[in-house]
Amino acid sequence: MRPLKKLFLVGAMAAVGGIIANRIGLPVGFLIGAAVVTAVAGLNGMAVQLPPTLYRAALVVVGTGVGLGITTDIVARLGSVFWQIPAAALVSIAISWAMTPLFCRLSGTSLATAHFSLVPAGIAEMAETSARYGADTGTVATMHALRVMLVVLVLPAALTLHAEPQAYTATAMLRSGAWTPGLALALAIGAVAGRLGSLVRIPNPYMLTPILAVVTLSGAGFVAAAEPRLLSGAAQILIGINLGARFDRSTIRRLPRAFATAIPVMLLHLGLMSALAAGMAYLAGIDLPTALLGFATGGTVEMVLTAGAVGASVGIVTAFQVARGVFGNALAGLIYRYGYALSDYRPTERQ
């Protein structure tokens, strides 16, 4: 089957999966349904690759929508959790570092591959960084996709026990928001900001820089709009397809031992971070969904979207997720070089 035809077919199935998941009432159901359907298709020989332009456009839509929804009150609340933001990032990285030797032994991968597979940072950034240290970049990228998929499948479903998400009908989606000149301006600003952010190599530029740009301009009164749910739902489906497309049959066959080991290790990491988040929520007076999503090691985009779906503080969750990505990208190489000096493993090992 030709790649374009296959992409349209899998994309249509992913959209149906997203619609069904939304109707069930899952937070970010469009994303979850699309990701699961695309992953299942890939594991059955229907692997696809989403064009980068479509994925970037989806990120711009999400970043612009988040920017339009962040108010000055939300920004002011960041001061109450200022010290918890870097602390959560460093604790998350420390837990991954402590788990790496065990994961290395059980999975049969090299230390480099195991280390960069567990550092909770961006998929693309960790794959690129790991290549400098002789890691198997394909394994690293797949393990990070698995981590995000596990968190996306577990945490939003668990949060439905705390907050009842709304399942949007087609009519409600068509009537929500407004396709106004203000919205077009906000999206244009987001697109330009995303491109500029990519030129200066900001992490996750097509989401983060639109947030910063739109928040700044909307706070000053230059931009005012509400993003239609139809547009947000379409962006979620594209993001879900991109996540699910990272799984294919050949990768699973090549890495069965690593996959079998990674799932319990990553679930344990999620459990530990969730326990810490619950403690912080109790001590700092933050609502539990915000704390859980801030501490979670799912992708920034996925956790921010979930925050919006369950009524958590999008601004606080964004700050936690960005800090984790920044610290992870900055420290991954240094930890690999010096963090295992007292262990039986040596950083010179190759896959």
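Of the residues that sit in region 1-10 and are assigned to a helix (DSSP H, G or I) and surrounded by fewer than 19 Cβ atoms within 10 Å (Cβ to Cβ), which one is modelled with the lowest pLDDT? Per the stated criteria, the residue is P3.
For T64, are the conditions met, namely being hydroxyl-bearing (S, T, Y), surrounded by 24 or more Cβ atoms within 10 Å (Cβ to Cβ) and under 19 Å from the mean Cα position of the chain (by Cα)? Spelling it out, T64 is indeed hydroxyl-bearing (S, T, Y), surrounded by 24 or more Cβ atoms within 10 Å (Cβ to Cβ) and under 19 Å from the mean Cα position of the chain (by Cα).
The numbered conditions (1) open to solvent by 50 Å² or more (accessible area, probe 1.4 Å); (2) of a type in the set (A, V, I, L, M); (3) touching a Gly at 6+ places or on another chain (Cβ under 9 Å) are all true for M303 except (1). When region 95-132 is filtered for residues that are open to solvent by less than 20 Å² (accessible area, probe 1.4 Å), more than 28 Å from I202 (Cα to Cα) and not hydrophobic (A, V, I, L, M, F, W, C), the ones remaining, listed by number, are S107, T109, S110. Test A213 against the stated conditions and say whether it is free of Cβ contacts under 8 Å to residues at least 40 places away in the same chain and open to solvent by less than 60 Å² (accessible area, probe 1.4 Å). In short, no. So, V37, is that one at pLDDT below 90, among the β-branched types (V, I, T) and either assigned to a helix (DSSP H, G or I) or surrounded by fewer than 15 Cβ atoms within 10 Å (Cβ to Cβ) (or both) or not? The answer is no for V37. Residues of region 46-80 that are out of contact with any Gly (no Cβ under 8 Å at 6 or more places or on another chain) and farther than 27 Å from N22 by Cβ: D73, A76, G79. Is there a residue being at pLDDT below 85 and more than 21 Å from the chain's Cα centre (by Cα) anywhere in region 199-215? Looking for residues that are at pLDDT below 85 and more than 21 Å from the chain's Cα centre (by Cα), one finds none in region 199-215, hence no. Considering region 135-168, and only residues there that are open to solvent by 60 Å² or more (accessible area, probe 1.4 Å) and modelled with pLDDT of 70 or more, the residue that is farthest from S232 (Cα to Cα) turns out to be V154.
Beta carbons closer than 6 Å, at least 6 apart along the sequence or on distinct chains, pair a first residue in region 169-197 that is open to solvent by less than 40 Å² (accessible area, probe 1.4 Å) and modelled with pLDDT under 60 with a second that is aliphatic (A, V, I, L, M) and part of a helix (DSSP H, G or I) for M173/L230.
For the condition more than 30 Å from Y206 (Cα to Cα), crowded, with 16+ Cβ neighbours inside 10 Å, modelled with pLDDT of 90 or more and polar (S, T, N, Q), what is the one hit in T261, T290? The unique qualifying residue is T261. What are the residue pairs meeting all of these: first residue in region 263-292, first residue under 16 Å from V152 (Cα atoms), second residue outside any helix (DSSP H, G or I) and at pLDDT 90 or above, Cβ atoms under 7 Å, and 6 or more apart or on different chains? Between residues of region 263-292 that are under 16 Å from V152 (Cα atoms) and residues that are outside any helix (DSSP H, G or I) and at pLDDT 90 or above, the close pairs are H269/T297; L270/A296; L270/T297; M273/A296; M273/T297.
The values are calculated or read from the model by the stated rules, or taken from the named source; none is laboratory data. Keep in mind it's a predicted model, so treat the numbers as computed, not measured. Every residue, glycine as well, gets a Cβ built from its backbone with ideal geometry; the counts of neighbours run over all protein chains shown. SASA here: full protein model, heavy atoms, side chains in, ligands and nucleic acids out. Shrake-Rupley method; radii C 1.70, N 1.55, O 1.52, S 1.80 Å.
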